[in-house]
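As C-alpha coordinates, the structure follows; a few thoughts come after it.
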Amino acid sequence: MYVVINGGGKIGAYLANVLLKSGNEVAVIEQNRRTADRLSVELTGRYLIIHGDGCDSKFQEDAGIRHADVFVATTGQDDSNLVSCEIAQRVFSVPRCIARVNSPKNMRIFHEVGIESVSSTTLIANMIEEEALMGSVSVVSSLTHGNVALSEVTVPRMRYHSNADGVLARDIPMPDGSLIVAVDTADDVEVVRHDTVLHPGDKAVVVADTEALDRVRALFKGL
(Lines give C-alpha, C1' and ligand atoms only; values in the text may rest on other atoms or scores of the structure.)
Protein backbone atom coordinates (compact mmCIF):
# COMPACT_ATOMS: atom_id res chain seq x y z
CA MET A 1 0.00 0.00 0.00
CA TYR A 2 1.21 3.52 -0.79
CA VAL A 3 0.63 6.17 1.89
CA VAL A 4 1.39 9.90 1.62
CA ILE A 5 1.87 11.73 4.92
CA ASN A 6 1.70 15.50 5.30
CA GLY A 7 3.91 16.43 8.24
CA GLY A 8 7.17 14.86 9.32
CA GLY A 9 7.13 15.85 12.99
CA LYS A 10 7.02 13.36 15.85
CA ILE A 11 3.61 12.00 14.87
CA GLY A 12 4.31 11.85 11.14
CA ALA A 13 7.70 10.22 11.72
CA TYR A 14 6.23 7.65 14.09
CA LEU A 15 3.47 6.80 11.64
CA ALA A 16 5.93 6.51 8.74
CA ASN A 17 8.11 4.13 10.77
CA VAL A 18 5.16 1.92 11.70
CA LEU A 19 3.95 1.71 8.11
CA LEU A 20 7.41 1.08 6.65
CA LYS A 21 8.10 -1.72 9.13
CA SER A 22 4.87 -3.35 7.95
CA GLY A 23 6.10 -3.34 4.36
CA ASN A 24 4.17 -0.35 3.05
CA GLU A 25 5.56 2.38 0.80
CA VAL A 26 5.50 5.87 2.30
CA ALA A 27 6.07 9.44 1.13
CA VAL A 28 6.41 12.24 3.68
CA ILE A 29 5.90 15.91 2.81
CA GLU A 30 7.66 18.15 5.32
CA GLN A 31 7.99 21.93 5.17
CA ASN A 32 10.97 22.25 7.53
CA ARG A 33 14.24 21.51 5.72
CA ARG A 34 16.07 20.27 8.83
CA THR A 35 13.25 17.89 9.72
CA ALA A 36 13.06 16.61 6.15
CA ASP A 37 16.82 15.98 6.09
CA ARG A 38 16.66 14.15 9.41
CA LEU A 39 13.86 11.89 8.20
CA SER A 40 15.78 11.04 5.04
CA VAL A 41 18.48 9.33 7.12
CA GLU A 42 16.36 7.99 9.99
CA LEU A 43 13.72 6.08 8.03
CA THR A 44 14.34 2.65 6.54
CA GLY A 45 12.38 0.93 3.80
CA ARG A 46 10.74 2.15 0.61
CA TYR A 47 10.12 5.83 1.26
CA LEU A 48 10.30 9.27 -0.31
CA ILE A 49 10.87 12.58 1.49
CA ILE A 50 9.56 15.77 -0.13
CA HIS A 51 10.63 19.15 1.24
CA GLY A 52 7.62 21.41 0.70
CA ASP A 53 4.16 22.51 1.77
CA GLY A 54 1.66 19.66 1.94
CA CYS A 55 -1.14 22.15 1.21
CA ASP A 56 0.38 22.78 -2.23
CA SER A 57 -0.87 20.40 -4.93
CA LYS A 58 2.53 20.54 -6.65
CA PHE A 59 4.29 18.98 -3.68
CA GLN A 60 1.52 16.42 -3.26
CA GLU A 61 2.03 15.45 -6.89
CA ASP A 62 5.80 15.23 -6.34
CA ALA A 63 5.04 12.80 -3.52
CA GLY A 64 3.18 10.48 -5.90
CA ILE A 65 -0.30 11.37 -4.69
CA ARG A 66 -1.90 10.16 -7.94
CA HIS A 67 -1.25 6.53 -7.02
CA ALA A 68 -1.67 6.86 -3.25
CA ASP A 69 -4.08 4.55 -1.45
CA VAL A 70 -4.22 6.74 1.66
CA PHE A 71 -3.37 10.36 2.51
CA VAL A 72 -2.74 11.27 6.15
CA ALA A 73 -2.32 14.81 7.51
CA THR A 74 -0.46 14.85 10.82
CA THR A 75 0.66 18.46 11.31
CA GLY A 76 -0.06 20.44 14.45
CA GLN A 77 -2.34 22.82 12.55
CA ASP A 78 -5.94 21.72 11.98
CA ASP A 79 -6.44 24.19 9.13
CA SER A 80 -3.42 22.80 7.28
CA ASN A 81 -4.61 19.25 7.83
CA LEU A 82 -8.05 20.13 6.51
CA VAL A 83 -6.78 21.92 3.40
CA SER A 84 -4.23 19.25 2.50
CA CYS A 85 -6.82 16.48 2.90
CA GLU A 86 -9.33 18.35 0.76
CA ILE A 87 -6.73 18.76 -2.01
CA ALA A 88 -5.84 15.07 -1.87
CA GLN A 89 -9.51 14.13 -1.88
CA ARG A 90 -10.96 16.56 -4.41
CA VAL A 91 -8.06 17.23 -6.78
CA PHE A 92 -6.40 13.83 -6.81
CA SER A 93 -9.32 11.58 -5.76
CA VAL A 94 -7.31 9.72 -3.13
CA PRO A 95 -9.60 6.90 -1.93
CA ARG A 96 -9.05 7.59 1.76
CA CYS A 97 -7.98 10.71 3.66
CA ILE A 98 -7.33 10.78 7.40
CA ALA A 99 -6.53 13.86 9.46
CA ARG A 100 -5.07 14.36 12.89
CA VAL A 101 -7.30 16.80 14.75
CA ASN A 102 -5.61 18.80 17.48
CA SER A 103 -8.70 20.61 18.78
CA PRO A 104 -11.77 18.43 19.52
CA LYS A 105 -14.08 21.31 18.60
CA ASN A 106 -12.91 20.96 14.99
CA MET A 107 -13.91 17.29 14.66
CA ARG A 108 -17.32 18.18 13.26
CA ILE A 109 -15.83 20.35 10.51
CA PHE A 110 -13.78 17.42 9.21
CA HIS A 111 -16.79 15.13 9.47
CA GLU A 112 -18.97 17.49 7.44
CA VAL A 113 -16.58 17.47 4.49
CA GLY A 114 -16.16 13.70 4.57
CA ILE A 115 -12.65 13.49 6.04
CA GLU A 116 -11.90 10.90 8.70
CA SER A 117 -10.54 12.62 11.79
CA VAL A 118 -8.76 11.13 14.77
CA SER A 119 -6.70 12.43 17.65
CA SER A 120 -4.69 9.30 18.44
CA THR A 121 -1.55 8.49 16.44
CA THR A 122 -1.79 4.83 17.40
CA LEU A 123 -5.38 4.73 16.16
CA ILE A 124 -4.34 6.17 12.79
CA ALA A 125 -1.69 3.48 12.41
CA ASN A 126 -4.12 0.73 13.42
CA MET A 127 -6.76 1.99 10.99
CA ILE A 128 -4.33 1.93 8.07
CA GLU A 129 -2.82 -1.41 9.01
CA GLU A 130 -6.24 -3.01 9.41
CA GLU A 131 -7.35 -1.85 5.98
CA ALA A 132 -4.25 -3.47 4.50
CA LEU A 133 -5.14 -6.76 6.18
CA MET A 134 -8.71 -6.48 4.95
CA GLY A 135 -7.62 -5.61 1.40
CA SER A 136 -9.82 -2.52 1.53
CA VAL A 137 -9.29 1.21 1.69
CA SER A 138 -12.57 1.94 3.43
CA VAL A 139 -13.07 -0.73 6.10
CA VAL A 140 -11.97 0.95 9.32
CA SER A 141 -12.69 -1.83 11.79
CA SER A 142 -13.85 -5.39 11.65
CA LEU A 143 -14.71 -8.35 13.81
CA THR A 144 -14.69 -11.67 12.01
CA HIS A 145 -16.26 -14.96 13.05
CA GLY A 146 -16.12 -17.82 10.62
CA ASN A 147 -16.92 -16.50 7.15
CA VAL A 148 -18.83 -13.44 8.34
CA ALA A 149 -17.37 -9.98 8.98
CA LEU A 150 -18.87 -7.06 10.86
CA SER A 151 -17.27 -3.93 9.43
CA GLU A 152 -17.53 -0.16 9.55
CA VAL A 153 -17.23 1.37 6.08
CA THR A 154 -16.67 5.12 5.86
CA VAL A 155 -18.86 6.87 3.29
CA PRO A 156 -16.55 8.90 0.99
CA ARG A 157 -17.33 12.10 -0.86
CA MET A 158 -19.72 10.93 -3.57
CA ARG A 159 -19.44 11.48 -7.30
CA TYR A 160 -22.87 10.23 -8.38
CA HIS A 161 -25.00 11.40 -5.45
CA SER A 162 -25.43 14.74 -3.71
CA ASN A 163 -22.94 15.12 -0.87
CA ALA A 164 -25.26 17.64 0.78
CA ASP A 165 -28.43 15.53 0.55
CA GLY A 166 -26.76 12.17 1.00
CA VAL A 167 -28.01 8.84 -0.28
CA LEU A 168 -30.75 6.60 1.12
CA ALA A 169 -29.32 3.40 2.55
CA ARG A 170 -32.03 1.42 0.75
CA ASP A 171 -30.87 2.87 -2.59
CA ILE A 172 -27.33 1.51 -2.21
CA PRO A 173 -27.17 -1.72 -4.27
CA MET A 174 -25.30 -3.87 -1.77
CA PRO A 175 -23.59 -6.99 -3.17
CA ASP A 176 -25.04 -10.42 -2.46
CA GLY A 177 -23.98 -11.59 0.96
CA SER A 178 -23.82 -8.12 2.51
CA LEU A 179 -26.20 -5.86 4.39
CA ILE A 180 -26.06 -2.39 5.96
CA VAL A 181 -27.45 -2.80 9.48
CA ALA A 182 -26.65 0.53 11.15
CA VAL A 183 -25.14 3.96 10.59
CA ASP A 184 -22.63 5.67 12.89
CA THR A 185 -22.71 9.46 12.53
CA ALA A 186 -20.88 12.13 14.52
CA ASP A 187 -23.88 12.39 16.83
CA ASP A 188 -25.45 8.96 17.11
CA VAL A 189 -25.63 5.34 16.02
CA GLU A 190 -28.94 4.20 14.58
CA VAL A 191 -30.32 1.00 13.13
CA VAL A 192 -31.01 1.36 9.41
CA ARG A 193 -34.65 2.13 8.59
CA HIS A 194 -36.44 2.75 5.30
CA ASP A 195 -35.65 6.49 5.45
CA THR A 196 -32.05 6.31 6.74
CA VAL A 197 -29.72 8.63 4.80
CA LEU A 198 -25.93 8.31 4.62
CA HIS A 199 -23.64 11.34 4.22
CA PRO A 200 -19.89 11.63 3.59
CA GLY A 201 -18.03 10.84 6.80
CA ASP A 202 -20.77 8.58 8.18
CA LYS A 203 -19.80 4.99 8.91
CA ALA A 204 -22.05 2.28 7.54
CA VAL A 205 -22.04 -0.80 9.78
CA VAL A 206 -22.05 -3.72 7.35
CA VAL A 207 -22.48 -7.44 7.92
CA ALA A 208 -20.98 -9.37 5.03
CA ASP A 209 -19.50 -12.65 3.90
CA THR A 210 -15.73 -12.18 3.99
CA GLU A 211 -15.53 -12.86 0.26
CA ALA A 212 -17.95 -9.95 -0.37
CA LEU A 213 -15.81 -7.32 1.41
CA ASP A 214 -13.87 -6.30 -1.70
CA ARG A 215 -17.15 -5.78 -3.58
CA VAL A 216 -18.48 -3.70 -0.68
CA ARG A 217 -15.32 -1.59 -0.80
CA ALA A 218 -15.62 -1.06 -4.54
CA LEU A 219 -19.30 -0.16 -4.21
CA PHE A 220 -18.72 2.59 -1.63
CA LYS A 221 -15.77 3.99 -3.56
CA GLY A 222 -18.04 4.31 -6.59
CA LEU A 223 -20.98 6.10 -4.94
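The values are calculated or read from the model by the stated rules, or taken from the named source; none is laboratory data. Given the structure is predicted, the values throughout are model-derived calculations rather than measurements. Glycine gets a Cβ as well: all are built from the backbone with ideal geometry, and neighbour counts include every protein chain shown.
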Single residue of the stretch 198-212 satisfying the filter (in contact with a strand residue (DSSP E or B) (Cβ under 6 Å, 6 or more places away or on another chain) and farther than 12 Å from Thr154 by Cα) that is modelled with the lowest pLDDT: Thr210
Selection within the stretch 151-172 - over 15 Å from Glu112 (Cα atoms) and part of a loop (DSSP other than H, G, I, E, B): Arg159, Tyr160, His161, Ile172
So Pro200, is it more than 18 Å from His111 (Cβ to Cβ) and surrounded by 16 or more Cβ atoms within 10 Å (Cβ to Cβ): no
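Residue-by-condition table, conditions (1) in contact with a His (Cβ under 8 Å, 6 or more places away or on another chain); (2) crowded, with 21+ Cβ neighbours inside 10 Å; (3) modelled with pLDDT of 95 or more; (4) more than 30 Å from Asp187 (Cβ to Cβ):
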position: Gly23; (1), (2), (3), (4): no, no, no, yes
position: Val26; (1), (2), (3), (4): no, yes, yes, yes
position: Gln60; (1), (2), (3), (4): no, yes, yes, yes
position: Val83; (1), (2), (3), (4): no, no, yes, no
position: Cys97; (1), (2), (3), (4): no, yes, no, no
position: Asn102; (1), (2), (3), (4): no, no, no, no
position: Glu116; (1), (2), (3), (4): no, yes, no, no
Filtered residues of the stretch 63-81 (kept if surrounded by fewer than 17 Cβ atoms within 10 Å (Cβ to Cβ) and within 13 Å of Val26 (Cα to Cα)): Gly64, His67
Positions within the stretch 170-185 being under 15 Å from Lys221 (Cβ atoms) and among the aliphatic types (A, V, I, L, M), in sequence order: Ile172, Met174
Options Glu152, Glu190; residue that is surrounded by fewer than 17 Cβ atoms within 10 Å (Cβ to Cβ) and at pLDDT below 90: Glu190
Among (1) touching a residue at least 24 places away in the same chain (Cβ under 8 Å); (2) within 16 Å of the chain's Cα centre (by Cα) - the single one Ile49 does not satisfy: (2)
Looking only at the stretch 155-187, and only at residues there that are at pLDDT below 90 and among the basic types (Lys, Arg), the one that is nearest to the chain's Cα centre (by Cα): Arg157
Where a residue in the stretch 166-183 is basic (Lys, Arg) and its partner, wherever it lies, is surrounded by 13 or more Cβ atoms within 10 Å (Cβ to Cβ) and part of a strand (DSSP E or B), with Cβ under 9 Å and at least six apart: Arg170/Ile180
